[in-house]
Every structure is written in C-alpha cells, then in structure tokens.
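As structure tokens, the structure follows; a few thoughts come after it.
Nothing in this text is a laboratory measurement; each read-out follows from the coordinates by a stated rule. From a predicted model like this one, the values you see are computed outputs, not experimental measurements. Cβ sites come from the backbone with ideal geometry, for glycine too, and all protein chains shown count toward neighbours.
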Amino acid sequence: MQRELNRIARDTNHFLKRFIKKQKKSELIIPMKYGLFSGGKKIRSKILIDIGLIFKLSYKSLIILGSAVECIHAYSLIHDDLPCMDNDSIRRGKASTHVKFGESTAVLAGNSLLTMAFEILSHKDLNISEKIKINLINKISESSGHLGIAGGQYLDLSYEHKKVSQKKIIEMEIKKTGKLFSFCCAAPLILKKKDKKEIKKFEDIGADIGLLFQVADDLIDYRGNFLIAGKKTGKDKKKGKATLISLLGYKNTIKYGNNLILKINKKIKKYGSRSHNLSKTLDYILNRNK
C-alpha cells in the first residue's frame, strides 16, 4: 500500500510541478507550492485511481484528475488552518501556510490553488471532449463550494459547543470531507460516459468513503498521535467539535467505521477482483490511526 501511495504522490507532484512551471511567475507561486507540496498521503488520488482501474481508464488521465483534486484539497487545508477558522499553526509537521507567509497571503494562495484545479481540468493535457471537461468542472465545483467543502466547514464551525444530532454530524462531515471523495469516485464514470444512475451510485460510495476518512481523522485526533496527524491533536474536544466520537464514544465510532467498510465493500462486490485495490485502501484509511 505504501509503495503505491508513494508512486501516486510522486507522479501527481511531478505533473503539478510541470504544470506550475509552464505558468507565468507571480509572487503567490511560492506560498502556493508550500501548501501544495507539504506532504500528505494523496488518499483522494488513490481512491480516484482505484475506481478508475475498475473501469480500465488510463493511469495518466487519472493522475491529471487527481492533480486537480489535490489542488482543491490543499486550498481547503490552507483555509482550514487560518486563525478565523480552526487556528492550526502546524500542518503535516511544519508551520501552516499562514504562519509561514502571513494570513492574507495564505488566503490568496488558497484561492489560487482552488482556481488552478479548474485550469487543470480544462487544459489540453487532459485529452478528452469539451463536454466531459465541463461535466468534470461542474462536479468538482459543486464538491468545493457551499454544497461541499465550504458549506461543511461552515457547519463544522457553527456546531462547536452545541448538542448536535448524529444525522446533522454525518451531513456536515459528508459535505466537509465526503463531497471531494464523491468527485473522486464519480469522475472516472464521467470519463467513461456512464449513465446518471451509475454515477450517482459511485457518488454515494464516495460520500461513505469520505465519512470513513473523517471518522479515522477524528480517531487520530482523539488518541493524540501527533506523528500520524502531523498537527496538534486533542483539539476537537477542547474546541467542542461535533464529531461522532463526541456522540457515540471511541469504541462505537470504531465499530461505525468498520460497518462503513462493510457497506462500501458490499456495493463494489460485483466488480470482483478489480475492486480489491479499493477494498485495501478502505482498510488502510481506517487503520492508519493505529
């Protein structure tokens, strides 16, 4: 698993570095690269490639799609760390972008990475029809804005120190984390021109994977493992964050995560051996906190 993650990270970073190098220089390039190439396991790209291989898509095209996803993800992390948001000074074991470059520069670098994702999906390097490109851009836009990451972060902040139902917590976590995973699962099917019903099925799978990822993230924060988290841990409890752990407790949250894996595996069972890579990635996501 680690070897595969390393390969995907290397190839994704290689594409992004070449893409940025071809652009005109600006003062924001350095903080953008700082936030974009700060490490990270590229699990979203791994999921995208796992799904893409089920449908026999080219690895090169999947890396380009994953590069756009990683730009969106990096933007969201830069903004999440801001003092007006989660106020985290450390990300992936080093100073957060706003600590390194200042708050206003971090905001602008994050904004620039967000828009660069759309540049990547509309670029000639992605050799697909204009109609499919528009569908991909529409889907990733929905995943990133008020119906996705931004809306989820708003709810996350507004739920602090409040008693929130399990249904609302799940809806918030699917927006904040699940929607981008939904894009990763839907994008390969959009490339293959699958019908809306099948695309929706994989979007739902992506939402469950995103929820699984968030559960694992919350477990890491709860256990307080800085080396795995790459940032200060134990903050969810201090900030009164609405999480499944705060509602269900630690052990029941682990059970919830395992049940999610069973649910997802049941949905992808029909694809046989082609779904084995995805199943392994699911186990890795939940167990990376150990």
> Residue farthest toward the positive end of the dipole of the stretch 140-290, with Cβ of Lys/Arg at +1 and Asp/Glu at -1: which of 186, 259, 141?
Replying inline: 259
> Packing-wise, with mean Cβ within 10 Å as the measure, how do 86-92, 22-28 rank, highest first?
Replying inline: 86-92, 22-28
> From Cα coordinates alone, what are the radius of gyration and Dmax values for the stretch 2-287 in angstrom?
Replying inline: 18.1, 51
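Can you tell me what the convex hull of the Cα atoms of the stretch 135-254 projects to on average, as an area in nm²? Each step should come with its number before you reach the end.
Values: hull surface 31.3 nm².
Seen from a random direction, the Cα hull of the stretch 135-254 projects 7.8 nm² on average.
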>> Positive end of the dipole of the stretch 1-104, charges at C-beta (+1 Lys, Arg; -1 Asp, Glu), about the Cα centre: which of 32, 1, 69 has its Cα farthest in that direction?
In response: 1
>> Quick check for me: using +1 on Lys/Arg Cβ and -1 on Asp/Glu Cβ, what's the dipole size of the stretch 1-66 about its Cα centre, in debye to the nearest 20?
In response: 240
> Can you tell which of 15, 183, 213 shows the greatest fluctuation in a Gaussian network model of the chain with Cα springs below 10 Å?
Replying inline: 15
> Among 151, 114, 207, whose Cα sits farthest toward the positive end of the charge dipole of the chain (+1 at Cβ of Lys/Arg, -1 at Cβ of Asp/Glu, about the Cα centre)?
Replying inline: 207
>> At a 10 Å Cβ-Cβ cut-off, how would you order 275, 45, fewest neighbours first?
In response: 275, 45
>> Considering only C-alpha atoms, what is the centroid distance from the stretch 167-181 to the stretch 72-143, in Å?
In response: 18
>> I want to verify a result. In a Gaussian network model of the chain, Cα cutoff 10 Å, which of these has the top mean-square fluctuation: 31, 188, 83?
In response: 83
> For the chain, what is the calculated [θ] at 222 nm in deg cm²/dmol (nearest 500), taking -39500 (n - 2.57) for each run of four or more DSSP H residues and dividing by its residue count?
Replying inline: -22500 deg cm²/dmol
